[in-house]
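Visitor: Quick one: structure below, then a few questions.
The values are calculated or read from the model by the stated rules, or taken from the named source; none is laboratory data. Predicted, not measured: the structure shown is a model, and the values here were computed from it. Neighbour counts are summed over all protein chains in view; Cβ atoms, including those assigned to glycine, are modelled from backbone coordinates with ideal geometry.
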Amino acid sequence: MSQKSLQAHWQGVYENKGETELTWFENRPETSLNFIKQSTATTDSIIDVGGGASRLVDEILALGYNDISVLDMSKQALLQSQQRLGEKAKLIQWLVADVTTWKPPQKYTLWHDRAVFHFLTLDKQRQEYLDVLSQSLTQNGTAVIATFALGGPEKCSGLDVERYSPETLSAVMGDEFLLVDSKHQQHRTPNGGVQIFQYSKFLKQK
Ligand SMILES: C[S@@+](CC[C@H](N)C(=O)[O-])C[C@H]1O[C@@H](n2cnc3c(N)ncnc32)[C@H](O)[C@@H]1O
């Protein structure tokens with residue numbers, strides 16, 4: 001799928017459904033929050049890549065973080081978060097971009113990605129993503145990457161995904177990113193289904 005049609009796909013997803021109807025919706029992104037709290041201080045810079053309309057940004061704002069960016073290729077997704085946050089939305093840097101071609105304007109201490117990397121099914125796309133990740137993270141910075149786990153769904157939002165264990169993800173991430181922690185999560189979808197996610201935490205080595 002071309003970058004343009006992928007963007008149209010995601011724009012349509014958020015135009016046609018409210019955030020709470022999406023299979024990946026979490027009222028409180030507990031697993032992500034725990035990784036973020038144990039890995040950073042509130043003065044650190046955090047980016048939620050492919051953040052969509054996730055409520056993670058609301059939670060980290062409430063914890064007192066003051067350098068928060070949310071990136072997504074769907075402007076509509078970010079608009080939903082901005083509307084939910086109201087005045088507080090001004091405290092966030094909102095970035096409409098495709099993560100695989102994005103040029104980071106600053107360095108981040110923590111990169112969070114829940115359910116974006118798993119859509120990259122080609123080596124070339126994964127390499128582009130990893131190049132951007134490498135440019136974006138500070139030395140010793142943290143990347144928390146959540147994907148469908150090996151027993152998880154084969155598709156998300158009608159698109160093929162690649163499923164990972166922490167070890168297979170680590171192999172794709174290469175030597176630059178050291179796997180230091182991981183966790184599995186049984187995500188309950190709004191219609192009562194269960195999806196198994198794996199969350200892996202990596203430290204940038206150089
Ligand atoms: C399954 S949703 C997950 C959203 C959010 N992380 C969450 O957990 O609620 C995937 C998100 O990634 C965005 N996305 C997909 N491919 C992307 C890309 N190449 N660059 C930036 N955003 C992308 C979509 O617009 C969508 O918001």
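Visitor: Determine whether Ser69 is within 20 Å of Trp111 (Cβ to Cβ), in contact (Cβ under 8 Å) with a residue 40 or more places away in the chain and among the small types (Gly, Ala, Ser).
Guide: No.
Visitor: Would you pick out the residues in the range 1-27 that are touching a Leu at 6+ places or on another chain (Cβ under 9 Å) and either closer than 12 Å to Ser74 by Cβ or more than 8 Å from the ligand (Cβ to nearest atom) (or both)?
Guide: Met1, Leu6, His9, Val13, Tyr14
Visitor: Between Gln82, Gln106, which is out of contact with any Gly (no Cβ under 9 Å at 6 or more places or on another chain) and within 15 Å of the ligand (Cβ to nearest atom)?
Guide: Gln82
Visitor: List the number of the failed condition for Lys124; all other conditions in (1) more than 13 Å from the ligand (Cβ to nearest atom); (2) surrounded by fewer than 16 Cβ atoms within 10 Å (Cβ to Cβ); (3) within 20 Å of Phe177 (Cβ to Cβ) hold.
Guide: (1)
Visitor: Within the range 78-87, identify whether any single residue is touching a Leu at 6+ places or on another chain (Cβ under 7 Å) and on the phi < 0 side of the Ramachandran plot, and answer yes or no.
Guide: Among the residues of the range 78-87, not one is touching a Leu at 6+ places or on another chain (Cβ under 7 Å) and on the phi < 0 side of the Ramachandran plot, which makes the answer no.
Visitor: Report, by residue number, each residue of the range 85-95 that is of a type in the set (A, V, I, L, M) and either surrounded by 16 or more Cβ atoms within 10 Å (Cβ to Cβ) or within 8 Å of the ligand (Cβ to nearest atom) (or both).
Guide: Residues satisfying the conditions are Leu85, Ala89, Ile92, Leu95.
Visitor: Now for a separate question. Does the range 25-75 hold any residues that are among the hydrophobic types (A, V, I, L, M, F, W, C), under 11 Å from the mean Cα position of the chain (by Cα) and within 13 Å of Ala146 (Cβ to Cβ), and which are they?
Guide: Listed by number, the residues that qualify are Val49, Leu56.
Conditions (1) surrounded by fewer than 13 Cβ atoms within 10 Å (Cβ to Cβ); (2) away from the ligand (no atom under 12 Å from the Cβ); (3) free of Cβ contacts under 8 Å to residues at least 60 places away in the same chain, marked per residue:
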{"residue": "His118", "(1), (2), (3)": "no, no, yes"}
{"residue": "Ser134", "(1), (2), (3)": "no, yes, no"}
{"residue": "Ala146", "(1), (2), (3)": "no, no, no"}
{"residue": "Ser165", "(1), (2), (3)": "no, yes, yes"}
{"residue": "Gln186", "(1), (2), (3)": "yes, yes, yes"}
{"residue": "Gly193", "(1), (2), (3)": "yes, yes, no"}
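Visitor: Right, here's the next one. Tally time: how many residues in the range 61-74 are touching a strand residue (DSSP E or B) at 6+ places or on another chain (Cβ under 8 Å) and away from the ligand (no atom under 13 Å from the Cβ)?
Guide: Residues in the range 61-74 being touching a strand residue (DSSP E or B) at 6+ places or on another chain (Cβ under 8 Å) and away from the ligand (no atom under 13 Å from the Cβ): 4 in total.
Visitor: Sticking with this one: So which of Leu159, Leu178, Leu150 ends up being closer than 19 Å to Phe25 by Cα and modelled with pLDDT of 95 or more?
Guide: Unique residue meeting the criteria: Leu159.
Visitor: Mind checking which pairs have a first residue in the range 21-43 that is modelled with pLDDT of 95 or more and a second that is exposed (fewer than 14 other Cβ atoms within 10 Å of the Cβ), Cβ under 6 Å, 6 or more apart or different chains?
Guide: Partner pairs satisfying both residue conditions: Thr42/Gly64.
Visitor: Okay, next question. What is the residue count in the range 65-75 for residues that are under 17 Å from Val99 (Cβ atoms) and in contact with a helix residue (DSSP H, G or I) (Cβ under 8 Å, 6 or more places away or on another chain)?
Guide: Of the residues in that region, 6 qualify.
Visitor: Being charged (D, E, K, R) and closer than 24 Å to Met1 by Cβ is the filter here; which residues of the range 118-170 pass it?
Guide: Asp123, Lys124, Arg126, Glu128, Asp131, Glu154, Lys155, Asp160, Glu162, Arg163
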